[in-house]
Amino acid sequence: MYEYLGILIYFFIALALSLLLLGLPFVVSTRKADPEKISAYECGFDPFDDARGRFDIQFYLVAILFIIFDLEVAFLFPWALTLNKIGFFGFWSMMLFLLILTIGFVYEWRKGALDWS
Amino acid sequence: MYLEQSFHKQISFSSFLFENDFLALFPEIFLVSTGIFLLVYGVITSTSKSLNYPLLSYNISWYAIMALLYTSLLIYNSPINNAVLLYNTLVIDDFTQFVKITCLLSSACCISMSLQYIQTQGDNAFETLILILFAVSSMLFLTSSADFISLYLAIELQSLSFYVLAALKRNSEFATEAGLKYFLLGAFSSGLLIFGCSLIYGYTGVLSFSECAKIFAAGVVPFDGIQAVTTESALVSLGMVFILAGFLFKIAAAPFHMWSPDVYQGAPTPITAFFVITPKIALFAVFLRVFLQSFYDLFPIWQTLVIFASLASMLVGALAALSQSQIKRLMAFSSINHVGYLLAGFACASIEGIQALSIYLIVYIFMNIAVFSILLCNMRHTHNNGLPRIKYITDLAFLAKTNPLLAFTFSIAMFSMAGIPPLAGFYSKAYIFFAALGSNLGVLAVVGVCTSVVSCFYYLRLIRIMYFSTPKTWCSTARVPRTNALALAISLFFLIFCMAYPAPLHLITHKIAIALCV
Amino acid sequence: MAPATIIGGLLGLGVQLYCNAVRKLPLMRNPWEHVLFIGAGAAFGNWLVDFEERTALELKEVLAKREAAFNHSSAERDA
C-alpha cells in the first residue's frame, strides 16, 4: 500500500493544479462578450450549417502532418523506456529516424505547407 | 560485471553488423541517402529567393542518372556476393545482383529517355525524380527480401511511389483518374497480399521464406510431439492463393489486368515507360523466390493457377490489343501479352523455365526501351491542333517519310515483339516455348504460338501505317535528343545482334537460375 | 582478344553513326566523338568476352557442385 503514496500525492497535486487553472479565469480575467466569442465553436466551423459545405484543404494537410509526428512519438516512447538496454546502436538508430523525419519537416516547411493563407 | 559483459556483447554485435550487413547493403544505403540528399538540395534550392527560384528537374535528372549508375557499379563490385542479412530479412546472391543491376540500368535509361520531355513539359516537379529513386531503391530491397515483412514493406514503398507518379500531372483529368484507379486497386491487391501472408504466418508461425520451405517440406511427415503442418491444409493453400493473386495484380496479369491500360494511358509518357520497363523484373524476382523456395511443395496448386493466368494474359493481351487506337493503351495490352509468356516460364518452375523467363525479361526491357524512346521524342506539326507527342497509332503515318531510320528502328522493335526470326524477340519466345515443352506444358507452347501469330497482326499494322498510309496532316519529329538516340542505338543493336552472340546472356541467366533453385 | 576489340570498335562506331543519322546531323560531325565511341565499344567487347569466360567458369563450378550434392544425396538415399 505504502508504495502507492506517491501516486496519491501526485493525484492530489494534479487535481489541485487543474482546479486552480480552471478557477483562476473566473476570478482574474477581464470579460468582454461579443457575438464571435460567445457563439459555439467547433474547429472553426459554424455548428449549425449544411454538412456538405466546402472547407479548406489545409485542414487535411495539417491532420496528415500531425499524424506523422504523432506516430513518431509512438515510436519514441518504447525507445525511451528501453534505452539502457539497446545501447548506442539503438540510440543512433532513433537519431537516424529523427533525422529523416526532420528532413521531411524541412521539405514541408520550404514547400509552404505550413503557411495558412 | 554484468553490465560490462552486455556492453561488450553489444559492441561486438554492432561492429559485426557494420562489418558485414551494412557493407553488403552499402549500394542500397547509398541510393536511399542520395535520394534524401537530392530532396533536401531540391527543396532548398528551388524555393530560394536569392537564387531566383531555379527550375531543377533537368539538373536533378542528371544527378538521379548518376546515382543509379554509381549504385549499379557498387553492386557489380560488391565484396559480398552471397549472404543472408539483418536477421534473415534480406538475402543477396547472384540472382539478386543480376536483377538489381538490370533494374538500375533500365531505370537510368528511362530517365535519360525522358530528359527532353522533362525540359519541355512545364511541370518542373523535381520530386518526380526523387520518387523514381525511392521506387528503384524499394525495388532493390524487394529483390533481396527474404521474409514476408520485408517483402510487404518493399512492395508498399514501391507502390506508394508509383501512385504518386501516376497522378503526377495534377491538372489532367486522365492522370488523376489513373492515379486514383491505381491507388484503389493497388491498395486492394496489397491487402490481398498481406492477408495471404497473415494466413501463412498464422498457420506456420514463421515469416522467413526458408523457414516456410522447411515447414512445408517436412509437412507430410508428422514430427513426434509436434502438431504436424500438412501441405494439404486448406488454410496454407488459401494463403498462398491470396499471395499469388496479389502478385498477379501487381504485374497486371490477365484476370487482374483491368487497371493497367487506364493507368498506362493516363500517366505521363515517361512514367508509363518507367512502369512498363522497370518494375516487372523486380516483382518477378521476388515472387520466383517465394514460390520456388517457400511454396515449392505446394507446386501442383500454384502451377495450375499460374498456367491459367498465363493463358488468359496471352489471350487478353493479343485479342484486346486488336481494337486499340491509342499507342500507350496498345503498349499496355502488349505488355499484358508479354506477361503471359513470362508466366509460362514461371509455370515451368524448372531451371530452363527461369532461364527463359530471365532472357525474356531482358529482351522485353530492350524492346520497350526502343519503343518508348521513339514515343518520347517531341513532334513538330504543320497544323496547330496537334499534340506535341505521338498519341494515336495513326500519328505514326509520317514517320517512314520524314525520318526513315527512326521508322526502321520502330519496325525492328515491332518485329522483335512479334517474334520474327532473326531478332532477339524470337530467341526469347522460342526459349520460353522450349522450356514449356520440356516441362510437359504443351498447351502453353501451342497457345503461345497462336497468340503470337494474332499479336503479329497489330504489330505489323503499326508498320503498315508507318510505311503505306498517306496521312492528311503532316508532322515530323523534332531533332531526336542525344540520349534517346543513344538508347535507340543500343537497343537496336541488341535486338539485331543478340541472336549472333547469345552466349553471355545465356550463361549469366543459367547461372542465376541455378542460384535461385539451389 | 583481337576480334572482340575489332567487332566492339565497329559496334561503337555504328552506335555513333546511327546517333548522327537518326538525329539528321552530318554523319562525321565531331570526329573525336567517333574515336570515343570506338574506344568504348572496344572496351565493351573485351569486357563482354571476359565476362563470358568468367561466367562459364563459375557456371561449370556451380554445376559440378550441384552434381556432387545430387550424387551424395542419392547415394545416401540408396544406402
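The values are calculated or read from the model by the stated rules, or taken from the named source; none is laboratory data. Keep in mind that this is a model prediction, so the values were computed, not measured. Glycine gets a Cβ as well: all are built from the backbone with ideal geometry, and neighbour counts include every protein chain shown.
A quick yes/no check of all residues on (1) touching a residue at least 60 places away in the same chain (Cβ under 8 Å); (2) within 14 Å of another protein chain (Cβ to nearest Cβ):
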position	(1), (2)
B:G438	yes, no
B:M466	yes, no
B:F493	no, yes
B:P502	yes, yes
B:K511	yes, yes
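Look at B:T451 and say whether it is over 22 Å from the mean Cα position of the chain (by Cα), closer than 15 Å to B:N368 by Cα, crowded, with 16+ Cβ neighbours inside 10 Å and in contact (Cβ under 8 Å) with a residue 12 or more places away in the chain. So B:T451 fails the test. Only one of the numbered conditions (1) within 18 Å of B:R482 (Cβ to Cβ); (2) surrounded by fewer than 20 Cβ atoms within 10 Å (Cβ to Cβ); (3) within 11 Å of chain B (Cβ to nearest Cβ) is not met by C:L27, and that is (3). Taken together, B:K429, B:K472 contain a single residue that is farther than 25 Å from B:A108 by Cβ, out of contact with any Lys or Arg (no Cβ under 8 Å at 6 or more places or on another chain), basic (K, R) and crowded, with 21+ Cβ neighbours inside 10 Å, which is B:K429. Within segment B:270-310, being outside any helix (DSSP H, G or I) and β-branched (V, I, T) holds for one residue alone: B:T278.
Restricting segment B:475-497 to residues that are surrounded by fewer than 19 Cβ atoms within 10 Å (Cβ to Cβ) and not hydrophobic (A, V, I, L, M, F, W, C), the residue that is modelled with the lowest pLDDT is B:S476.
Screening A:I57 on (1) surrounded by 10 or more Cβ atoms within 10 Å (Cβ to Cβ); (2) within 14 Å of another protein chain (Cβ to nearest Cβ); (3) within 25 Å of the chain's Cα centre (by Cα) shows it passes everything except condition (1). The single condition among (1) aliphatic (A, V, I, L, M); (2) buried (at least 16 other Cβ atoms within 10 Å of the Cβ); (3) not in a helix (DSSP H, G or I) that B:A500 does not meet is (2).
Mind telling me which of the residues B:I60, B:I65, B:I36 ends up being touching a Gly at 6+ places or on another chain (Cβ under 7 Å) and either among the aromatic types (F, W, Y) or within 17 Å of B:S137 (Cα to Cα) (or both)? Explain how you work it out, then say what you get.
On the way: B:I65 fails: touching a Gly at 6+ places or on another chain (Cβ under 7 Å); B:I36 fails: touching a Gly at 6+ places or on another chain (Cβ under 7 Å).
Going through B:I60, B:I65, B:I36 in turn, just one is touching a Gly at 6+ places or on another chain (Cβ under 7 Å) and either among the aromatic types (F, W, Y) or within 17 Å of B:S137 (Cα to Cα) (or both): B:I60.
Looking only at residues in segment B:494-507 that are touching a Phe, Trp or Tyr at 6+ places or on another chain (Cβ under 8 Å) and of a type outside the set (A, V, I, L, M), the one that is nearest to B:F372 (Cα to Cα) is B:F494. In segment B:37-72, the qualifying residues are those that are small (G, A, S) and within 14 Å of chain A (Cβ to nearest Cβ), and the one that is surrounded by the fewest Cβ atoms within 10 Å (Cβ to Cβ) is B:S50. When you check C:V35 against the structure, is it surrounded by 13 or more Cβ atoms within 10 Å (Cβ to Cβ), in a helix (DSSP H, G or I), within 10 Å of another protein chain (Cβ to nearest Cβ) and not aromatic (F, W, Y), yes or no? For C:V35, the condition - surrounded by 13 or more Cβ atoms within 10 Å (Cβ to Cβ), in a helix (DSSP H, G or I), within 10 Å of another protein chain (Cβ to nearest Cβ) and not aromatic (F, W, Y) - is not met. Please go through segment C:1-35 and pick out each residue that is of a type in the set (S, T, Y) and either touching a residue at least 12 places away in the same chain (Cβ under 8 Å) or more than 17 Å from B:F408 (Cα to Cα) (or both). Within segment C:1-35, C:T5 is the sole residue that qualifies. Each residue in segment C:45-62 was checked for being more than 8 Å from the chain's Cα centre (by Cα) and either facing chain B (nearest Cβ under 7 Å) or more than 30 Å from C:L13 (Cβ to Cβ) (or both), and 8 pass. For segment A:90-117, the set of residues classified as surrounded by 11 or more Cβ atoms within 10 Å (Cβ to Cβ) and modelled with pLDDT under 85 consists of A:A113, A:L114, listed by residue number.
Of all residues in segment B:387-407, those that are away from chain C (no Cβ under 14 Å) and closer than 26 Å to C:G14 by Cα have Cβ atoms under 6 Å from Cβ atoms of residues that are at pLDDT below 80 and in a loop (DSSP other than H, G, I, E, B), 6 or more apart or on another chain, in B:F398/B:P471; B:F398/B:W474.
Would a scan of segment B:469-491 turn up a residue that is part of a helix (DSSP H, G or I), away from every other protein chain (no Cβ under 14 Å) and either farther than 24 Å from B:M331 by Cβ or acidic (D, E) (or both)? Within segment B:469-491 (the criterion being part of a helix (DSSP H, G or I), away from every other protein chain (no Cβ under 14 Å) and either farther than 24 Å from B:M331 by Cβ or acidic (D, E) (or both)), the answer is no, since none of the residues qualifies.
Scanning segment B:52-95 for residues that are more than 18 Å from B:T128 (Cα to Cα), of a type outside the set (V, I, T), in contact (Cβ under 8 Å) with a residue 40 or more places away in the chain and not in a helix (DSSP H, G or I) yields B:S78, B:P79, B:A83, B:L85, B:L86, B:N88, B:L90, B:D93. Being assigned to a helix (DSSP H, G or I) and buried (at least 24 other Cβ atoms within 10 Å of the Cβ) is the requirement here; does B:T176 meet it? Taking the combined requirement at face value, the residue does not satisfy it. Taken together, B:S208, B:S161 contain a single residue that is surrounded by fewer than 23 Cβ atoms within 10 Å (Cβ to Cβ), hydroxyl-bearing (S, T, Y) and either out of contact with any Ser or Thr (no Cβ under 9 Å at 6 or more places or on another chain) or more than 18 Å from B:E28 (Cβ to Cβ) (or both), which is B:S208.
Return the only residue of C:G8, C:G12 being closer than 30 Å to B:A478 by Cα and either within 10 Å of chain B (Cβ to nearest Cβ) or of a type outside the set (F, W, Y) (or both). Steps first, please.
Details: C:G8 fails: closer than 30 Å to B:A478 by Cα.
Result: C:G12 is the single residue among C:G8, C:G12 that is closer than 30 Å to B:A478 by Cα and either within 10 Å of chain B (Cβ to nearest Cβ) or of a type outside the set (F, W, Y) (or both).
Taken over segment B:14-36, residues that are away from every other protein chain (no Cβ under 13 Å) and among the acidic types (D, E) amount to 2.
Quick grid of which residues meet (1) at pLDDT below 75; (2) in contact with a helix residue (DSSP H, G or I) (Cβ under 9 Å, 6 or more places away or on another chain):
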{"site": "A:F11", "(1), (2)": "no, no"}
{"site": "A:L17", "(1), (2)": "no, no"}
{"site": "A:D34", "(1), (2)": "no, no"}
{"site": "A:Y41", "(1), (2)": "yes, no"}
{"site": "A:F55", "(1), (2)": "yes, no"}
{"site": "A:F59", "(1), (2)": "no, no"}
{"site": "A:I68", "(1), (2)": "no, yes"}
{"site": "A:L76", "(1), (2)": "no, yes"}
{"site": "A:L83", "(1), (2)": "no, yes"}
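The C-beta contact set for segment A:67-86 (first residue within 24 Å of A:G104 (Cβ to Cβ), second residue among the hydrophobic types (A, V, I, L, M, F, W, C) and surrounded by 11 or more Cβ atoms within 10 Å (Cβ to Cβ), distance under 6 angstrom, 6+ apart or interchain) comprises A:E72/A:L101; A:W79/A:M94.
Take the conditions out of contact with any Pro (no Cβ under 8 Å at 6 or more places or on another chain), at pLDDT below 90, within 11 Å of chain B (Cβ to nearest Cβ) and within 20 Å of B:A515 (Cβ to Cβ) and apply them to C:V22. Does it pass? When the stated conditions are applied, C:V22 does not pass them. Evaluated against (1) at pLDDT 80 or above; (2) not in a helix (DSSP H, G or I), B:S416 falls short on exactly one condition, (2). When segment B:258-270 is filtered for residues that are closer than 23 Å to B:V306 by Cβ and surrounded by fewer than 24 Cβ atoms within 10 Å (Cβ to Cβ), the ones remaining, listed by number, are B:M258, B:W259, B:P261.
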